[in-house]
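Everything below concerns the one structure shown next.
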Amino acid sequence: MRTLLRLLRGAFEPFERLAYRLFGGESPFHHLGALTIYLFWVVLASGLYVFAFYETSVAGAYASVERLTHEQWYLGGVMRSLHRYASDAAVLTLGLHILRELSRDHHRGPRWFSWLTGVPNLWMVYMLGITGYWMVWDELAQYVAVATAELLDRLPIFTDPMARNFLTEGSLSDRFFTLLAFLHLLGLPLILVGTIWLHIQRISRPRIHPPRRLAAGTLLALLALALVQPATSHGPADLTREPQVLHLDWFYLPVYPLYDVLGASVVWGLLWGGTLLLCALPWLPRRRRVPVAEVDPAWCNGCRRCFSDCPYGAIDMAPHPDKRGKEISVVDPALCLSCGICEGACPSATPFRSVRELVSGIELPQYPVQVLRERARDAARRLRGPVRIVVFGCGHAADPASLARADTAAVPLECAAMLPPSLVEYLIRREGVDGVVIAGCRAEDCEYRLGTRWVEERIAGAREPHLRRNVPRERVALCWAGTDAALLRRCVEDFRARLARAAGAGDDEAPPAAAAGGGGGA
Amino acid sequence: MPERGRAWRAAGRALAYALFAAFVGFFAVRPAWTHLGPGEAVVKVSIVHRGKPLGECRERSEEELARLPPNMRIKTVCPRERSPLELEVWLDGRLLHREVKAPSGLHHDGPSYIYHRFVVPAGEHVLRVRLRDSVRAAGYPYDRSERVRLDPGRALAVDFDPAEGIRFR
């Protein structure tokens, strides 16, 4: 299983690198879930327009869609095409979202809930798409309706075969289209909204809107497609004839050719088997438990910073057992992913404290702030050369150890946001390091969702705990290079060159702000 | 960022959007799927019918009736369970399908439901459909044989009405 996931991730990687170079943090790969939700808004808006002209009757359904498509091609036709292509694009982004999360092992451990609650979404999306195709009542709709009815008849749900409704022209009533319109416009979308809401329940600050430029670009691309290749209908449904050659929508309807070839039992076996497999994946095999963040009541003053920064809502606040009127952070082990972002958020993690043993209010037992400070300090003290740099590297991005040399030291982190900003100041002011690089996942693509954003805001002084103003920002660089080792190397070398130039120019001429390779600057 | 690099990136983004739209547009309607070959037609058989009672009806005796509450004194009683339907579909003298369908319901007292779709070569055929709805009678009380012309793509419906028997529509 691990090999399969590695292969899957490897398949994504070249496309992701390319997209990151073109789009930066707005890469579509970083916003697949939000893009899917956005596309459903497009589907909803265009669908409402189309429905305004739709007639819910056997005789009127096809004719009304045809009128809209041809007589009002400039708006109705475009809206219909947009409705179809945005739905197709949503299946594409949804599929990529599922595969990408799977390839990154984001389906196991405390994330199982989001994964599992995503499975019904898949069914809802397909049911919505399929009922949408029925509404046109052309040959394709007839093919889909009859095959769906035959498939459903294989399940022990209905005693009277549903397929009888499509036996002859007279067996279908207008009420069927009223029911269909209710299902497609109200019933299924409402359920889908509910399942999406459930899907994002266990994450804080869910990203449900893609960046504006990405949203606009996607919409423009789909509009262009709608104009170049307008969505059209097949011939009208005719129950005395069997549809022959169909221009199938392979995003929504691949199950029907499968049914034609393999029969109902195999198709249901594949659908239910696939669903069960998706549901069971979080436990195939179960994720190894990593020690979760621990709170030290003596040092927790209830400042709520870890509570605010935790990307998974794993931290709650409760009355402090020892300090009257104060709160204490409480970690829910079932939700904690051991990212260490809370450790970087804790004000008591400052390395300037003159205590024998540095203990933070909240920290990872496997990588406490004392160990982090010692590693960073020891690394800094071994540095030699004109421009001495310490690189903090997130454990899910390119390994900075490959950059280590006499004038460059690498210190690993679980997440970039695990680094308390005060440790940057400590290295520069106390240990005399020339520059500090914080390297991590690609921008807007943090393994732990919010780490890169929190680092940017803390370094920029927009979020607590912030890097103090007396630390020259040009001596800090953020490199959101992801797994691209070459990009990280380039970022560090560019930073070194800037530092060297600044040192050569003297104190009167300040060096330019440290821009990050492929990401934001400090 | 140098102007040239910015222009290349913009061009790359435009190309990415175009590829995305092309991918969506292609698989939204292509490749075409041939559901039914050019020389084929379809016969759909759909029958809903309640079989005859499984056993004989009998008359209650006066003593039996007297023992029953007044509102339940019905003279003729029949067994609740129904006979299964036996269906045979023949095409040009060749048995295409045979099926025995049990009655629906927990007590097997409901109708039997049969639905089947057959893909057959287009052209002229002799279609024969026969149905038996009683285990107590020999033979097939409903039997219809007819020469039918099935043009390519034609969907012939075969259903059943107790008054009219088997219908080809």
**OP:** Give the range A:11-53 a look and list any residue that's of a type outside the set (A, V, I, L, M) and within 16 Å of residue A:212 (Cβ to Cβ), or say none.
**Re:** A:23, A:24, A:25, A:26, A:27, A:28, A:30, A:31, A:38, A:41
Original post:
Filtering the range A:88-118 down to residues that are among the β-branched types (Val, Ile, Thr) and within 14 Å of chain B (Cβ to nearest Cβ), which residue is farthest from residue A:46 (Cα to Cα)?
Top reply: A:93
Subject >> Filter result for the condition that a residue is in contact (Cβ under 8 Å) with a residue 12 or more places away in the chain, in a helix (DSSP H, G or I), buried (at least 19 other Cβ atoms within 10 Å of the Cβ) and not small (Gly, Ala, Ser), over A:16, A:101, A:66 >> reply: A:16
**OP:** Would you tally the residues in the range A:230-248 being at the interface with chain B (Cβ under 7 Å from one of its Cβ atoms) and assigned to a loop (DSSP other than H, G, I, E, B)?
**Re:** 7
Subject >> Of all residues making up the range A:476-496, the number that are β-branched (Val, Ile, Thr) and farther than 21 Å from residue A:460 by Cβ >> reply: 1
Subject >> Tally, over the range A:146-193, of residues that are touching a residue at least 12 places away in the same chain (Cβ under 8 Å) and away from chain B (no Cβ under 13 Å) >> reply: 16
**OP:** Could you please give the count of residues in the range A:210-227 that are in contact with a helix residue (DSSP H, G or I) (Cβ under 6 Å, 6 or more places away or on another chain) and more than 10 Å from every other protein chain (Cβ to nearest Cβ)?
**Re:** 3
Original post:
Taking the range A:254-292 on its own, how many of its residues are under 29 Å from the mean Cα position of the chain (by Cα) and assigned to a loop (DSSP other than H, G, I, E, B)?
Top reply: 10
Subject >> Those residues of the range B:133-153 which are assigned to a strand (DSSP E or B) and away from chain A (no Cβ under 14 Å), in sequence order >> reply: B:142, B:143, B:144, B:145, B:146, B:147
Original post:
Which members of the range A:144-177 meet the condition of being closer than 18 Å to residue A:268 by Cα and either of a type in the set (Val, Ile, Thr) or buried (at least 22 other Cβ atoms within 10 Å of the Cβ) (or both)?
Top reply: A:144, A:145, A:146, A:147, A:148, A:157, A:163
Original post:
Of these, A:307, A:251, which one is outside any helix (DSSP H, G or I) and at pLDDT 95 or above?
Top reply: A:251
**OP:** With the checklist (1) under 21 Å from residue A:134 (Cα atoms); (2) in contact with a helix residue (DSSP H, G or I) (Cβ under 8 Å, 6 or more places away or on another chain); (3) surrounded by fewer than 19 Cβ atoms within 10 Å (Cβ to Cβ) in hand, flag the one item residue A:195 doesn't pass.
**Re:** (1)
Original post:
For residues in the range A:208-250 being under 16 Å from residue A:69 (Cβ atoms) and hydroxyl-bearing (Ser, Thr, Tyr), which is surrounded by the fewest Cβ atoms within 10 Å (Cβ to Cβ)?
Top reply: A:232
**OP:** Tally the residues that are surrounded by fewer than 17 Cβ atoms within 10 Å (Cβ to Cβ), under 13 Å from residue B:131 (Cβ atoms) and among the hydrophobic types (A, V, I, L, M, F, W, C), restricting the search to the range B:92-115.
**Re:** 1
**OP:** Give the number of residues within the range A:204-224 that are modelled with pLDDT under 95 and over 16 Å from residue A:97 (Cβ atoms).
**Re:** 2
Original post:
Filter the range A:42-63 for residues that are modelled with pLDDT under 95 and aliphatic (A, V, I, L, M); which is surrounded by the most Cβ atoms within 10 Å (Cβ to Cβ)?
Top reply: A:58
Original post:
Restricting attention to the range A:252-264, does a residue exist that is facing another protein chain (nearest Cβ under 8 Å) and closer than 16 Å to residue B:23 by Cβ?
Top reply: no
Original post:
Which residue out of B:80, B:58, B:9 is surrounded by fewer than 18 Cβ atoms within 10 Å (Cβ to Cβ) and touching a helix residue (DSSP H, G or I) at 6+ places or on another chain (Cβ under 6 Å)?
Top reply: B:9
Original post:
Does residue A:109 qualify as being at pLDDT below 95 and among the small types (Gly, Ala, Ser)?
Top reply: yes
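The values are calculated or read from the model by the stated rules, or taken from the named source; none is laboratory data. Bear in mind that the values here come from a model prediction, so they are computed numbers and not experimental data. As a convention, Cβ positions derive from the backbone with ideal geometry for all residues, glycine included, and neighbour counts pool all protein chains shown.
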